[in-house]
Amino acid sequence: MRRIRVERAVPDSLLLTQDYEEADVSIWSEVLFATELLMLHLAPVYYGVGASHGDGSGVVLIPAFLCPDFYLTPLHQWLGRIGYKPFFSGIRFNADCPNLLIRCQLNETVERALAKSGRKVHLIGHSLGGIIARSIAAQRPADIASVITLGAPFRGTVAHSGILQAAEMVRRQILAKHGTRVLPECYTGHCTCDFLNSLKTTMPESVLETAVYTQDDGIVDWHYCRTEHSEADFSVTGTHVGLVFNPSVYTIVAQRLFQAHANRGNQKNKRRVRGGRGVSRRSR
């Protein structure tokens, strides 16, 4: 086991390490995600009871590493029940260069959500999907209302050894598939593409950020899944895989989506007040 090294990429960066590091976690505990899926279907919040309801905004769901869209179906259906327009990412399996996934597919999905809802879009990403979501928000903040990450190690890839081995296999496949379309350090923390560069900056103030994590995580080191802002970080009990089925997570998601809507209303009111004062001063 290597000792985790901590280094800053740039002064204002949230990244703690650009190197892939092995985490001291027990992956076997992740089999308990099946219990969380069962409990979700027994929880009142899953049927909209007690959940803050939405305003029809679009919500784009981004899957985890090596995962397809369809496992997010319970979350997708629930978002529809509580008043949002949910969208699958459309990337099929999350096993390609994130920069290309954003350029070739996810930007198109965000555009579709904008067009159909007429409002800023929310992004919810699980694990690697959460890192991709943060990158999209940093690149196009004018279109994004909020970002919710579920067990996403956006401060550095510190994960179980099996995950790191799988990531290296995917990296080799990406280089073989895309050749010069990707940079030599693609799928590492040292790549200089737009995807990685956007993670080295703080989240724009206009985007409400939320980081949900579990200290029982058997896939990644949960310390790297937090913003370190108490108002944005939410700890729940459960597995990494089960974060997309965890009833407590659904309650948090509903509250934070509603908060983003409330924040937009407050910002509009402030602009109206400032505009009114401006007219008053000119009239004098």
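The values are calculated or read from the model by the stated rules, or taken from the named source; none is laboratory data. Bear in mind that the values here come from a model prediction, so they are computed numbers and not experimental data. Reconstructed Cβ throughout: ideal geometry from the backbone, glycine too, with neighbour counts over all protein chains shown. Remember, those area values only see protein heavy atoms, side chains included, never the ligands or the DNA or RNA. Shrake-Rupley method; radii C 1.70, N 1.55, O 1.52, S 1.80 Å.
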Margin query: Which condition from (1) open to solvent by less than 20 Å² (accessible area, probe 1.4 Å); (2) under 16 Å from the mean Cα position of the chain (by Cα); (3) of a type in the set (Ser, Thr, Tyr) is the one that THR239 breaks?
Written below: (2)
Check: Does the range 165-181 contain any residue that is within 28 Å of ASP233 (Cβ to Cβ) and among the charged types (D, E, K, R)?
Finding: no
Item checked: Elements of type strands (runs of 3 or more DSSP E) in the range 65-168, at least 2 residues being in contact with a Lys or Arg (Cβ under 7 Å, 6 or more places away or on another chain) and not charged (D, E, K, R) -> 144-150
Next item on the list: Specify which of the listed residues (ARG92, ARG119) is touching a residue at least 12 places away in the same chain (Cβ under 8 Å) and in contact with a Pro (Cβ under 8 Å, 6 or more places away or on another chain).
Entry: ARG92
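Here's the yes/no breakdown for (1) small (Gly, Ala, Ser); (2) over 20 Å from the mean Cα position of the chain (by Cα):
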{"site": "ASP19", "(1), (2)": "no, yes"}
{"site": "GLU22", "(1), (2)": "no, yes"}
{"site": "GLY50", "(1), (2)": "yes, yes"}
{"site": "LEU75", "(1), (2)": "no, no"}
{"site": "ILE102", "(1), (2)": "no, no"}
{"site": "THR109", "(1), (2)": "no, no"}
Checklist line | From the options ILE132, ILE163, residue that is of a type in the set (A, V, I, L, M), open to solvent by 10 Å² or more (accessible area, probe 1.4 Å), within 30 Å of ASP24 (Cα to Cα) and touching a Phe, Trp or Tyr at 6+ places or on another chain (Cβ under 8 Å) | finding: ILE163
Notebook entry, point to check: Considering only the range 208-264, how many residues are modelled with pLDDT under 95, aliphatic (A, V, I, L, M) and over 17 Å from TYR84 (Cα atoms)?
Noted result: 0
Note to self: Being under 25 Å from LEU175 (Cβ atoms) and charged (D, E, K, R) is the filter here; which residues of the range 70-119 pass it?
What the structure shows: ARG92, ASP96, ARG103, GLU108
Note to self: Given the criteria modelled with pLDDT under 95 and not in a helix (DSSP H, G or I), does GLY189 qualify?
What the structure shows: yes
Check: When you go through (1) crowded, with 19+ Cβ neighbours inside 10 Å; (2) part of a loop (DSSP other than H, G, I, E, B); (3) under 19 Å from the mean Cα position of the chain (by Cα) one by one for LYS200, which number turns out not to apply?
Finding: (1)
Next item on the list: Considering (1) in contact (Cβ under 8 Å) with a residue 60 or more places away in the chain; (2) open to solvent by less than 10 Å² (accessible area, probe 1.4 Å), say which one ASN99 fails and leave the rest.
Entry: (2)
Item checked: the range 102-128, residues that are touching a Phe, Trp or Tyr at 6+ places or on another chain (Cβ under 8 Å) and open to solvent by less than 20 Å² (accessible area, probe 1.4 Å) -> ILE102, THR109, ALA113, HIS122, SER127
Check: Tally time: how many residues in the range 135-152 are closer than 22 Å to LYS200 by Cβ and open to solvent by less than 10 Å² (accessible area, probe 1.4 Å)?
Finding: 11
Next item on the list: Would you point out the residue of the range 84-96, among those that are farther than 18 Å from ALA166 by Cα and not hydroxyl-bearing (Ser, Thr, Tyr), that is surrounded by the fewest Cβ atoms within 10 Å (Cβ to Cβ)?
Entry: GLY90
Item checked: Restricting the range 207-232 to residues that are of a type in the set (A, V, I, L, M, F, W, C) and more than 23 Å from VAL31 (Cβ to Cβ), the residue that is most open to solvent (accessible area, probe 1.4 Å) -> LEU208
